[in-house]
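Report on the structure given below.
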Amino acid sequence: MNQTPISQDLIQLAHELADISGQTIRGYYRHEFAIVSKDDDSPVTIADREAERVMRERIRAARPNDGIIGEEHGEENVDAEWVWVLDPIDGTKSFTVGRPLFVTLIGLLHFGRPVLGVINQPIVNDRWIGGVGVPTTLNGRPVQGSDIREVSAARIGTTGPEHLQTCAQVFAELVKACRYPVYGGDGYLYGQVAAGWLDVVVEEGLKLHDFAALAPVVIGAGGAMTDWQGEPLRLGSAGRVLAAANADLHAQVLPALRSLPV
């Protein structure tokens with residue numbers, strides 16, 4: 001990550017976006033609403049669309065020259081120096097069944113590189129924020145990834161084995177080698193890594209709105225998060241990610257993923 005300073009105004013706006021999206025989402029949680037299947041068969045609800053809409057309106061009002069990339073309402077001004085990347089409900093399946101494992105992801109790119117991220121769970125009120133020069137906090141308190149350095153002691157997670165195609169065998173071997181696996185949670189998993197509760201996450205097929213907020217939070221907590229080649233995540237990354245609680249653990253897991261076909 002570069003060392004672009006993050007102003008307090010940007011941090012404050014990120015918090016505001018989490019506040020207003022959370023208020024919108026809570027109004028729909030565990031209520032009746034239509035569930036629509038998108039082209040990729042993933043579900044979307046009015047809560048996803050409305051939460052993103054209110055965030056976009058706030059960004060336009062506060063910083064009209066910034067770009068926005070959102071999961072539900074597309075792209076605008078993507079060549080801007082600063083671009084906000086929004087996933088209003090990451091884990092919509094959990095949201096639709098009333099399970100508070102979904103999160104709102106708010107990322108900020110500077111010249112295409114993620115420099116600030118928010119992971120917000122609006123039901124249990126967990127909020128991680130961190131980035132370049134912004135040590136990660138959870139609900140205002142500093143957090144740090146675990147000090148576990150050996151795979152044999154590590155807890156490993158992924159949203160679901162069914163989402164792992166290229167790395168299914170490697171992940172199965174990691175599960176056997178590690179302390180134990182956990183499944184489910186989408187973006188929440190990365191907040192758990194930042195808080196020291198989980199040690200490794202391996203996923204593939206992520207889109208920019210899935211990872212742009214996550215990498216700054218993990219790295220701001222002393223962790224490491226890259227693609228499977230060990231390269232920093234950025235606009236255009238393939239979405240094959242490895243997050244680990246610290247650089248040593250990341251370095252132990254990376255070779256098995258790096259060896260996979262690109």
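Shape verdict for the stretch 1-152, please, from the Cα gyration tensor: rounded (a/c under 1.5), prolate (a/b greater than b/c) or oblate.
On the way: a/c = 1.69, a/b = 1.18, b/c = 1.44.
Note, shape of the stretch 1-152 comes out oblate.
List the residues whose amide H sits under 5 Å from the amide H of GLY196, counting only those 5 or more places along or on another chain, with H placed 1.01 Å from N in the peptide plane.
Close amide H contacts, sequence-distant or interchain: SER146.
Would you mind calculating the relative contact order of the chain from Cα pairs under 8 angstrom and at least 6 residues apart, reporting the percent as a whole number? Present the calculation step by step, with values, prior to reporting the outcome.
Details: 621 pairs, mean separation 44.4, N = 262.
The value is 17 percent.
With every protein chain left in place, what is the accessible area of TRP197 in Å² (1.4 Å probe, nearest 10)?
130 Å²
In the chain, if the dipole is taken from +1 on Lys/Arg beta carbons and -1 on Asp/Glu beta carbons about the Cα centre, which of GLY239, HIS73, VAL103 is farthest to the positive end?
Positive-most Cα among the choices belongs to VAL103.
Need the C-alpha centroid separation for the stretch 192-242 versus the stretch 51-106, integer Å.
Going from one Cα centre to the other spans 18 Å.
As a test question: what accessible area, to the nearest 10 Å², does TYR180 have when a 1.4 Å probe is rolled over all protein chains in place?
About 100 Å², ignoring ligands and nucleic acids.
For the stretch 68-208, give the share of DSSP beta bridges that are antiparallel, in percent and rounded to the nearest 5; count only bridges with both residues there.
If we restrict to bridges inside the stretch 68-208, about 75 percent are antiparallel.
Report the antiparallel proportion of the DSSP beta bridges in the chain as a percent, rounded to a multiple of 5.
If we restrict to bridges inside the chain, about 80 percent are antiparallel.
So what does LYS93 come to for accessible area, using a 1.4 Å probe and Å² rounded to 10?
We get 130 Å² for LYS93.
Could you tell me the largest-minus-smallest coordinate of the C-alpha atoms of the stretch 167-213 on each of the three principal axes, in descending order and whole angstroms?
30, 24, 13 Å, listed from the longest principal axis down.
Taking square-rooted eigenvalues a ≥ b ≥ c of the alpha carbon gyration tensor, is the stretch 166-262 rounded, prolate or oblate, where a/c under 1.5 means rounded and, failing that, a/b exceeding b/c means prolate?
Rounded shape, in that the Cα axes give a/c under 1.5.
If you rank GLU32, GLU162 by how much accessible surface each has, with a 1.4 Å probe, what is the order from largest down?
Sorted by accessible area, descending: GLU32, GLU162.
Suppose accessible area is computed on protein heavy atoms with a 1.4 Å probe; arrange PHE102, PHE111 from highest to lowest.
These residues rank, largest area first, as PHE111, PHE102.
The values are calculated or read from the model by the stated rules, or taken from the named source; none is laboratory data. Values in this document were obtained by computation on a predicted structure and should not be read as measured data. Neighbour counts are summed over all protein chains in view; Cβ atoms, including those assigned to glycine, are modelled from backbone coordinates with ideal geometry. For the accessible areas, the whole protein counts, side chains as well, though only heavy atoms, and no ligand, DNA or RNA atoms are used. Shrake-Rupley method; radii C 1.70, N 1.55, O 1.52, S 1.80 Å.
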